[in-house]
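Have a look at the structure below before the remarks.
What follows is calculated from the coordinates using simple rules that are stated; it is not laboratory data. No experiment lies behind these values; they were computed from the predicted model shown. Cβ sites come from the backbone with ideal geometry, for glycine too, and all protein chains shown count toward neighbours.
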Amino acid sequence: MSILKIVLYPDTPLREEAAPYGEDEFGPKLEKLANDMLETMHQNDGVGLAGPQVGLARRIFVLQEPEGDPMALVNPEIYAREGSQSAEEGCLSLPEIFGPVSRATWVRARARTPMGDSLDIEAEGLLARIIQHENDHLSGICFIERLDVFTRQEKLEEWDVVRDEILSGRTRETGRRHAR
């Protein structure tokens, strides 16, 4: 497996609509990509990672709740939602930035596995939040765009500082070099 490079907001293709996978693309090659994405997600202490976050404008994301099993969803579609709850979210494409996002408390989604098997998922709580967050990435939406205008502006200003530090290879607290 390989660690993939994570794209930082707002770089391409994070703000683009991701293309679906065709029938002839399911199989071992897509499964390897999903495994690489899971390894990258774990390496960065994440709970989800979408194709656009690793430079692929394609409809795939991986996730794993802290006590759950890893999952890879290809061509996902959320087709039912209920409830509403606001909670803090972060994103591997905007490290160190967090903000309150309102999401449905329950979702139902259909997708395929990387090998092409059909999935129907009913999720609530954190799993529902992760699915919605990662599915947003496939539509070119990052969580920061779901914040109210004042909070978004504040978080974008924070992000400008953090992004400059990341790109210069320095961390905020210690001045040590990033390993990215």
Pairing the Cα long axis of helix 28-43 with the longest principal axis of the chain, what angle in degrees results, from 0 to 90 and rounded to the nearest 10? 30 degrees
Quick one: helix 149-167 against the long Cα principal axis of the chain, what's the angle to the nearest 10°, folded into 0 to 90? 80 degrees
Just to be sure I understand the curve: with the Debye formula and one point per C-alpha of the stretch 1-68, what is log10 I(q)/I(0) at q = 0.11 Å⁻¹? -0.25
What number do you get for the stretch 23-147 when its Cα radius of gyration is normalised by 2.2 N^0.38 Å, N = residues? 0.99
May I ask what percent, to the nearest 5, of DSSP beta bridges between residues of the chain are antiparallel? 95 percent
Simple spin-label model, 7 Å along Cα-to-Cβ: D45 to D69 in nm? 2.8 nm
Rounded to the nearest Å, the spacing of the alpha-carbon centers of the stretch 99-166 and the stretch 49-79 is 11 Å
For the stretch 113-153, list residues with backbone N below 20 Å from a point placed 7 Å from the Cα of D160 toward its Cβ? 142-153
If one takes the longest principal axis of the Cα atoms in the chain, at what angle in degrees, from 0 to 90 and to the nearest 10, does the Cα axis of helix 125-138 lie? 80 degrees
What number, rounded to the nearest 500 deg cm²/dmol, is the helix-based mean residue ellipticity at 222 nm of the chain, given -39500 (n - 2.57) per DSSP H run of at least four residues and division by all its residues? -9000 deg cm²/dmol
Lysines within cross-link reach of K5: Cα-Cα under 20 Å, excluding same-chain residues under 8 positions apart? K29, K32
Tell me, what is the percent relative contact order of the stretch 23-147, built from C-alpha pairs under 8 Å that lie six or more residues apart? 25 percent
